[in-house]
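The values are calculated or read from the model by the stated rules, or taken from the named source; none is laboratory data. Worth saying up front: this structure is predicted, and the values here are computed from it rather than measured. With ideal geometry, Cβ positions are generated from the backbone for all residues, glycine too; neighbour counts draw on all protein chains shown.
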Amino acid sequence: MTAIPLTVLTGFLGAGKTTLLNALLGHPALADTAVLVNEFGEIGLDHLLVERLDGEAVLLNAGCLCCTVRGDLLRALEGLWQRVLDGRSIRRVVVETTGLADPAPILATLMADPRMGARFALDGVVTVVDAVAGAATLDSQEEAVRQAAVADRIVLSKTDLAPPEAVAALTARLRALNPVAPILTAVQGAVPPDAILAAGPFDPAAKAPDVARWIGAAAPVHDHHHQHAHPGHDPNRHGASIRALCLAWDRPLPWEGVAGWLEMLATTRGASVLRVKGLLDLQGEERPVVVHGVQSVFHPPRRLAPWPEGEPRRSRLVFILRDLDPKVVEDGLAAFLRAAEDRSTLAAG
């Protein structure tokens with residue numbers, strides 16, 4: 001049975017997540033979607049996790065997804081899977097997190113359970129950012145920075161209420177924080193579903209144009225080494241500890257070197273690695289290989305559809321790091337690649 005795609009919808013309090021979700025649920029592309037909603041607020045004391053199937057709401061549990069309810073999330077997904085086995089049509093799951101949630105532990109929770117990985121395939125993280133309050137929120141709320149940093153798609157809401165120069169500055173800041181996530185503008189709170197679904201190269205059945213789009217998603221890399229992206233604001237302000245590191249190579253890489261370094265990084269500094277996404281041209285592999293990790297948890301690498309015809313093969317790794325110098329990651333990976341290539345040369349000789 002094919003794994004059901006699961007989208008995580010996040011964004012800070014008041015950003016417009018629920019407005020976007022309601023608009024999406026009215027679209028035929030999201031028919032038979034199960035929605036797990038968990039919003040922390042001052043409206044009563046229940047803070048309910050709600051399952052929505054075909055307009056019916058069933059109360060499942062209470063609490064905040066960023067902490068105690070991670071176990072409840074897994075139990076809710078178990079319940080959804082049982083419904084599938086019982087014949088219920090569920091084509092997609094959307095998890096709308098509390099505005100206070102750090103998405104990384106939620107992703108790690110989903111990825112760390114092998115049964116969940118076989119049943120529900122992460123389709124991407126969509127983060128909604130309020131164009132009016134977004135800059136101030138990024139300055140003051142670490143969670144908001146992490147939500148934007150780990151996103152596969154960023155949706156700007158309320159752009160009609162913000163001065164154009166403020167929208168431009170916020171867009172530039174988000175691009176620096178997350179170089180590979182397309183930044184979309186919501187119109188009356190909505191975006192086309194196909195703009196945010198299939199939001200990452202995680203699907204083994206991904207089509208060649210999807211691969212090409214992701215390879216070219218980051219800012220241009222002028223040589224085969226790297227490009228850093230840094231938040232463009234005062235380093236003493238909130239979120240300055242989060243950095244994006246983009247690395248690219250025009251030559252096939254040894255899997256032994258890449259895997260060895262990723263394992264070392266996850267083991268020694270996993271808490272500082274908010275997310276790793278990579279599309280790799282590996283030695284001895286005819287198809288692109290995707291790697292994806294959150295903190296200390298990595299999906300098994302997957303082969304994707306063949307490389308796009310006429311497009312140069314290129315490896316690209318994107319790291320979102322917290323309290324970790326990007327140069328440490330870059331130099332460590334370079335050393336592991338050199339060692340693997342040296343061993344390969346000796347073996348061949």
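Summed over the stretch 126-135, the residues that are touching a strand residue (DSSP E or B) at 6+ places or on another chain (Cβ under 9 Å), of a type in the set (A, V, I, L, M, F, W, C) and over 24 Å from Asp194 (Cβ atoms) give a count of 1. Pairs are defined by a Cβ separation below 6 Å, a sequence spacing of at least 6 or placement on different chains, a first member in the stretch 167-180 that is within 15 Å of Thr137 (Cα to Cα), and a second member that is surrounded by fewer than 17 Cβ atoms within 10 Å (Cβ to Cβ); the pairs so defined are Arg173/Gly232. Do you know which residues across the stretch 275-300 are modelled with pLDDT under 85 and either in contact with a Phe, Trp or Tyr (Cβ under 8 Å, 6 or more places away or on another chain) or among the hydrophobic types (A, V, I, L, M, F, W, C) (or both)? Correct list: His299 only. Residue pairs whose Cβ atoms lie under 8 Å apart, separated by 6 or more positions or on different chains, with the first residue in the stretch 326-343 and aromatic (Phe, Trp, Tyr) and the second surrounded by 19 or more Cβ atoms within 10 Å (Cβ to Cβ) and in a helix (DSSP H, G or I), are Phe336/Gly257; Phe336/Val258; Phe336/Trp261. Pairing each residue of the stretch 250-264 that is under 10 Å from Leu280 (Cβ atoms) with any residue that is among the small types (Gly, Ala, Ser) and modelled with pLDDT under 95, provided the two are 6+ apart or on different chains, yields C-beta distances under 6 Å for Leu253/Ser315. Looking at Gln188, Gln147 in this structure, which one is at pLDDT below 90 and more than 20 Å from His299 (Cβ to Cβ)? Exactly one residue qualifies, and that residue is Gln188. Scanning the stretch 121-155 for residues that are over 20 Å from Pro179 (Cα atoms) and in a helix (DSSP H, G or I) yields Ala136, Ser140.
If I go through the stretch 70-116 residue by residue, how many of them are crowded, with 20+ Cβ neighbours inside 10 Å, of a type in the set (Val, Ile, Thr) and more than 19 Å from the chain's Cα centre (by Cα)? So the answer is 0. The set of residues in the stretch 293-349 being surrounded by 16 or more Cβ atoms within 10 Å (Cβ to Cβ), basic (Lys, Arg) and assigned to a strand (DSSP E or B) consists of Arg302, Arg316, Arg322.
Could you list all residues from the stretch 81-125 that are within 21 Å of Ala199 (Cα to Cα) and hydroxyl-bearing (Ser, Thr, Tyr)?
Thr97, Thr98, Thr109
Going by the conditions given, is Leu274 crowded, with 17+ Cβ neighbours inside 10 Å, free of Cβ contacts under 8 Å to residues at least 60 places away in the same chain and assigned by TED's automatic domain parsing to the domain that holds Leu333?
Details: crowded, with 17+ Cβ neighbours inside 10 Å: yes; free of Cβ contacts under 8 Å to residues at least 60 places away in the same chain: no; assigned by TED's automatic domain parsing to the domain that holds Leu333: yes.
No.
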